[in-house]
Amino acid sequence: MDRLLPLFLKFLRAGLWGEVIDCNVSLTRHEWEQLYEIAYRQAVTGHFIDGVSRTTMRPDEDIWERWMVHLLFMERNNRHIAARGERWIEELKKAGIEAFVFKGMSVATWYTQPLHRSYGDVDIVVKNGWEQLPQTLQKWSVKPYRVNSEEIVVKENSGLFVELHCEWEHLYNPVTDARLKRMCAAATENNNELYFVCLIVHLQRLFFTYGIGLKQVCDVAAMLHSTGLDREKTAAMLRAVNAEKFSRHLFGFIDTYMGGTEDYPLPPMRDKKRLTLLENVIFGEGYSLKKRQEQDAANNRHSFARIIDNALFWSRRCARVSGLMAGEACCFLLHKAWRRIGMLFTNNAK
């Protein structure tokens, strides 16, 4: 599998940036299937297939046909998701609620093939009118699937999840989080620099919680490639939310493996130790860490043992990534501890 990773990345770059590449390697049927498996685990199958199409190389005909069907299925789903997002925004506007689609298909517009970005949920940020949202959903006879102080999730009949958020993003450090909230409150949805910073913050948060794959990294790379970001403004905003160190190492990873630009808001760093950490989290763990942790928790029937296991997991995790984001990692642990204490008091009160 290690031997195939450089070839996979070559195909991925070709798909992302629309480049025709000179690549002529003899691969077995099993090796083609392994390459697709890498793309599937990283949620970048569409870009990978686009990259293969830009070479003279092809897998067996039945595999290629299956991949073409997959692309058609992906395009259909992405059109449906985009349409549902637009419809939600229209209906919310009629109800006096100002909102916009965040991430998802709004990020996809910066790709060479927007419909080939792996689909997910509809993420909507409610800029004004969050307080009246529950009443509005009740009026529409929409029963939320999940509700908390930060988001309301609706599951449509088609199985599509619509996640309504009260903020663009959040940080665990209260000082930088307050700063980010002020920036978001003063901005419009078309502020690409803030959008980019929020993508970085989102990716940073996933990085030290349950891990990330190439899908989110590609979003950042696509914005760097296609959006006319004000580099100086973006750099100042990244520093303001204390994401400079993580961003520079992420840019080093993008520059090493994905390319797409030579102009970064902050100089890329390629420290061997940090680059290895990024490689292990992105290539090694991908999107599987969360599933493994949830499965381990489900298998542990004793609540006290589960609490201890979770505490050890998060402590090890934060210690591992503290070199990239010490402040966030520390504040995250305090957040988890405070939340657990609050739950204990709540349960005792009942």
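The values are calculated or read from the model by the stated rules, or taken from the named source; none is laboratory data. All of these numbers come straight from a predicted model, not from anything done at the bench. So basically every Cβ, Gly included, is an ideal-geometry build from the backbone, and we count neighbours across all protein chains shown. Surface accessibility is based on the protein's heavy atoms, side chains included, excluding ligands, DNA and RNA. Shrake-Rupley method; radii C 1.70, N 1.55, O 1.52, S 1.80 Å.
For C198, C331, give the ranking by accessible area with the largest first, probe 1.4 Å. Provide the component values of the computation, followed by the final result.
Working: C198 0, C331 30 Å².
Ranking C198, C331 by accessible area, largest first, yields C331, C198.
Going 7 Å from the Cα of W64 along its beta-carbon direction, which residues of region 11-27 have the amide nitrogen within less than 19 Å of the resulting point?
11-12, 14-15, 19-27
Note down the accessible area of M237, probe 1.4 Å, to the nearest 10 Å².
20 Å²
Quick check: the distance between the Cα centres of region 136-203 and region 36-110, to the nearest angstrom?
First find each Cα centre; the distance between them is then 21 Å.
What spacing in nm lies between the two simple spin-label points modelled at Y40 and N24, each 7 Å away from Cα in the Cβ direction?
Going by the 7 Å Cα→Cβ label model, 3.1 nm.
Once Lys and Arg get +1 and Asp and Glu get -1 on their Cβ, which of Q113, M57, C23 lies farthest toward the positive end of the dipole of region 23-127?
Looking along the dipole axis, the top candidate is Q113.
Using the crude model of +1 on Lys and Arg Cβ and -1 on Asp and Glu Cβ, and no other charge, please compute the dipole size for region 153-275 relative to its Cα centre, in debye to 20.
Working: 15 positive and 15 negative charges, 110 e Å.
Dipole magnitude for region 153-275 comes out near 520 debye.
Counting helices only, and only those DSSP H runs with n ≥ 4, report the 222 nm mean residue ellipticity of the chain as the sum of -39,500 (n - 2.57) divided by its residues, in deg cm²/dmol to the nearest 500. Can you show the working numbers first?
Details: 14 runs with 215 residues, N = 350.
So the calculated ellipticity at 222 nm is -20000 deg cm²/dmol.
Enter the accessible area of W314 (Å², nearest 10), with the probe set to 1.4 Å and all protein chains included.
Around 20 Å² of this residue is reachable by solvent.
Please report, in debye to the nearest 20, how large the charge dipole of region 234-286 is about its Cα centre when each Lys and Arg carries +1 at its beta carbon and each Asp and Glu carries -1 there. Mind dumping the intermediate values first?
Details: 7 positive and 7 negative charges, 52 e Å.
Charge dipole of region 234-286: 240 debye, to the nearest 20.
Could you order E65, E167 so the one with the most accessible surface comes first? Probe is 1.4 Å.
Details: E65 100, E167 35 Å².
Output order, biggest surface exposure first: E65, E167.
Limiting things to C-alpha atoms, what are the Rg and the maximum Cα-Cα separation (Dmax) for the chain, in angstroms?
21.2, 68
Which residue, D271, D255, D123, tops the fluctuation ranking in a GNM of the chain built on C-alpha contacts under 10 Å?
D271
Rounded, prolate or oblate: which fits region 233-273, taking a ≥ b ≥ c as square roots of the Cα gyration tensor eigenvalues, rounded meaning a/c under 1.5, else prolate when a/b beats b/c?
It comes out oblate by the Cα gyration axes.
How large is the dipole of the chain about the Cα centre if only Lys and Arg carry +1 and Asp and Glu carry -1, each at its Cβ, rounded to the nearest 20 debye?
On the way: 47 positive and 42 negative charges, 259 e Å.
Dipole magnitude for the chain comes out near 1240 debye.
Which helices count as membrane-span-like in the chain under these terms: full DSSP H, at least 15 Å along the axis by C-alpha, Kyte-Doolittle mean of 1.0 or more?
On the way: long enough: 5-17 (18 Å, 1.16); 29-41 (18 Å, -1.51); 61-94 (50 Å, -0.94); 174-185 (16 Å, -0.23); 192-209 (26 Å, 1.04); 214-226 (17 Å, 0.70); 244-257 (20 Å, -0.36); 288-299 (17 Å, -1.93); 303-349 (39 Å, 0.30).
Helices meeting the span and hydropathy rule in the chain are 5-17, 192-209.
How much of the DSSP bridge set in the chain is antiparallel, in percent, rounded to the nearest 5? It would help to have the intermediate numbers written out before the result.
Working: 11 of 15 bridges.
Of the beta bridges lying entirely in the chain, close to 75 percent run antiparallel.
Scaled to the compact-protein estimate 2.2 N^0.38 Å, what is the alpha-carbon radius of gyration of region 138-285, rounded to two decimal places?
On the way: Rg = 16.9 Å, N = 148, 2.2 N^0.38 = 14.7 Å.
Taking N as the residue count of region 138-285, the ratio is 1.15.
Report the normalised scattering of region 1-149 as log10 I(q)/I(0) at q = 0.09, 0.10, 0.16, 0.20 Å⁻¹, calculated by the Debye formula with identical scatterers on the alpha carbons.
For region 1-149, the Cα-only Debye profile gives -0.41, -0.48, -0.86, -1.16.
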